[in-house]
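The values are calculated or read from the model by the stated rules, or taken from the named source; none is laboratory data. Since we're looking at a predicted model, the values are computed, not measured. Cβ atoms come from the backbone with ideal geometry, glycine included; neighbour counts cover every protein chain shown. When the accessible area is computed, the model is the full protein with side chains, heavy atoms only, and any ligands, DNA or RNA have been set aside. Shrake-Rupley method; radii C 1.70, N 1.55, O 1.52, S 1.80 Å.
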Amino acid sequence: MSAFSSTDAETGAIGPFHDALHARYVVELGHRLDSPTSYEGAVTEHLRMSGVYWSLGALSLLRDADEVDASMGLRGGVDGGGEENGGGGRRMRRAIVDWVFDCRDPRSGGFGGNCSGAAFGVGTPGTATTTPCPHHGHLLYTLSALQILAMANALDDERLDKDAVARFVSGLQNPDGSFCGDEWGEVDTRFTYCALSCLALLGRLPIPRNDGEEEDDAIVDVRGAARYVMSCRNFDGGFGCVPGAESHAGQVFCCIGALSIAHSLHLLNEGRDGCDADLLAWWLAERQCDSGGLNGRPEKQADVCYSWWILSALSIVGRVSWINTSRLGQFILNCQDDEDGGIADRPQDMPDVYHTFFGLCGLSLIGHLEKIGNREGRTYREVDPVFALPTDVVRRLGLRAQVISYSNGDVEDRLKMHSILDGTKASLK
């Protein structure tokens with residue numbers, strides 16, 4: 001594992017970054033997971049859609065779109081990792097976009113986490129066919145599927161029935177404004193973010209008018225969704241998965257991200273006495289540990305993934321400067337595997353693609369990737385803190401959320417595409 005001293009961090013130096021190893025780790029991961037003898041592949045089979053999104057997201061920050069396509073096979077098949085097919089020839093892996101559409105659940109209109117080879121509603125029970133059998137549609141995997149299609153510039157693919165997906169999403173909203181993840185009824189603020197993000201990607205999100213009213217034919221109640229999110233805020237400024245649940249940094253991102261997409265960040269300074277955007281930012285800043293890393297809640301160890309969950313929320317509310325970004329960058333770099341590539345949850349642990357993606361996102365949000373690129377003659381893409389996609393993809397799609405600025409309009413370039421809310425005004429209106 002990489003080692004980088006605290007002295008270097010305090011002086012602003014940036015330690016070694018293993019670009020080529022990380023790119024190779026991501027590209028080769030799919031081949032390893034596809035192996036029939038892979039234990040890791042078997043236990044993560046149910047969430048493969050999100051795993052593919054994390055892989056593409058990670059590589060998309062390190063390489064341009066054409067290189068990602070060529071390496072991962074977004075639109076065309078790629079070499080299947082040296083394995084041979086039954087005829088003795090090289091096995092080709094199908095295009096990722098084609099696989100994504102195989103995972104569309106026609107029963108619900110959403111996307112599942114994977115699909116098996118057995119047919120759905122085709123043939124005789126007990127017989128094998130080549131028709132895919134998608135898992136049940138779920139908001140988590142529907143968002144991952146749309147994010148993959150967004151990175152592949154395939155949201156206009158004729159196979160994507162946008163109306164059906166939008167109906168799937170809207171059908172999961174409850175009368176109190178919350179969303180279920182699927183037909184089985186679990187409610188969680190994660191699903192509010194997923195729902196609003198899905199509709200934004202589809203171009204189906206009804207943004208409330210300035211007079212506070214919604215479109216008469218709005219497919220979801222955006223105001224109701226925002227009100228439900230605010231009902232999950234706690235006395236410490238954080239947010240939980242449901243009203244009264246413990247504050248957690250992952251839920252904070254989902255709630256702040258949902259409010260951002262709903263253009264409702266002004267609600268953070270309305271309601272309980274003393275509970276405002278800065279109280280939330282302070283709670284997030286207190287998540288920084290002695291190691292420089294961030295934890296998800298009090299008394300927990302630092303974990304690289306919170307470099308995304310916390311930094312994204314702080315970026316949206318304009319308070320990234322409230323943490324020591326140099327020491328956080330040191331922590332993330334110390335979690336690299338300098339032999340095989342990838343980033344782990346903490347130093348000396350095994351890397352995985354989840355922490356690799358969110359570690360790279362963290363380095364992007366504090367500007368370290370840009371500095372590393374300048375040092376090594378590379379151009380790295382930036383991540384958008386709201387939609388968790390490369391900023392060039394967000395611009396191409398015309399996505400526009402809301403962020404808070406306390407700098408008289410002086411905001412990061414990556415945020416200028418969004419609506420800027422003046423944080424110096426007490427009401428944020």
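Before moving on, here are some points about what is shown:
- Taken residue by residue, region 329-346 has at least one member that is open to solvent by 40 Å² or more (accessible area, probe 1.4 Å) and under 20 Å from the mean Cα position of the chain (by Cα).
- Qualifying positions in region 60-95 - hydrophobic (A, V, I, L, M, F, W, C) and either at pLDDT below 95 or over 25 Å from PRO134 (Cβ atoms) (or both): LEU61, LEU62, ALA65, ALA70, MET72, LEU74, VAL78, MET92, ALA95
- Residue that is surrounded by the most Cβ atoms within 10 Å (Cβ to Cβ) [pool: residues in region 15-56 that are aliphatic (A, V, I, L, M) and at pLDDT below 85]: LEU33
- Enumeration of residues in region 156-185 that are among the aliphatic types (A, V, I, L, M), touching a residue at least 40 places away in the same chain (Cβ under 8 Å) and buried (at least 18 other Cβ atoms within 10 Å of the Cβ): LEU160, VAL165, ALA166, VAL169
- Residue pairs whose Cβ atoms lie under 6 Å apart, sitting 6 or more positions apart in sequence or on different chains, and linking a residue in region 239-261 that is closer than 9 Å to TYR193 by Cβ to a partner that is open to solvent by 10 Å² or more (accessible area, probe 1.4 Å) and small (Gly, Ala, Ser), are ILE261/ALA200.
- Number of positions in region 30-42 that are over 22 Å from THR142 (Cβ atoms) and out of contact with any strand residue (DSSP E or B) (no Cβ under 9 Å at 6 or more places or on another chain): 6
- From the options GLU270, GLU299, residue that is open to solvent by 40 Å² or more (accessible area, probe 1.4 Å), of a type outside the set (Phe, Trp, Tyr) and within 26 Å of LEU421 (Cα to Cα): GLU270
- Some residue of region 278-290 being charged (D, E, K, R), more than 22 Å from the chain's Cα centre (by Cα), closer than 25 Å to ALA401 by Cα and open to solvent by 10 Å² or more (accessible area, probe 1.4 Å): yes
- Scoring MET350 on the criteria (1) of a type in the set (A, V, I, L, M, F, W, C); (2) buried (at least 19 other Cβ atoms within 10 Å of the Cβ); (3) assigned to a loop (DSSP other than H, G, I, E, B) leaves a single failure, condition (2).
- Taking region 322-362 as the range and being out of contact with any strand residue (DSSP E or B) (no Cβ under 7 Å at 6 or more places or on another chain), under 25 Å from ARG48 (Cβ atoms) and hydroxyl-bearing (Ser, Thr, Tyr) as the test, only TYR354 passes.
- Residue list for region 378-402, restricted to those being open to solvent by 60 Å² or more (accessible area, probe 1.4 Å) and either under 19 Å from GLY318 (Cα atoms) or in contact with a Phe, Trp or Tyr (Cβ under 8 Å, 6 or more places away or on another chain) (or both): ARG400
- Being open to solvent by less than 40 Å² (accessible area, probe 1.4 Å) and not in a loop (DSSP other than H, G, I, E, B) is a property that LEU149 has.
- Complete set of residues in region 186-210 that are at pLDDT below 95 and open to solvent by 10 Å² or more (accessible area, probe 1.4 Å): ILE207, PRO208, ARG209, ASN210
- Condition met for ARG375 (within 20 Å of the chain's Cα centre (by Cα), surrounded by fewer than 18 Cβ atoms within 10 Å (Cβ to Cβ), in contact (Cβ under 8 Å) with a residue 12 or more places away in the chain and in a helix (DSSP H, G or I)): no
- Residue check, GLY12 open to solvent by 40 Å² or more (accessible area, probe 1.4 Å), closer than 30 Å to ARG414 by Cα and modelled with pLDDT under 80: yes
- One residue from SER419, SER315, SER364, SER405 being open to solvent by 20 Å² or more (accessible area, probe 1.4 Å) and among the hydroxyl-bearing types (Ser, Thr, Tyr): SER419
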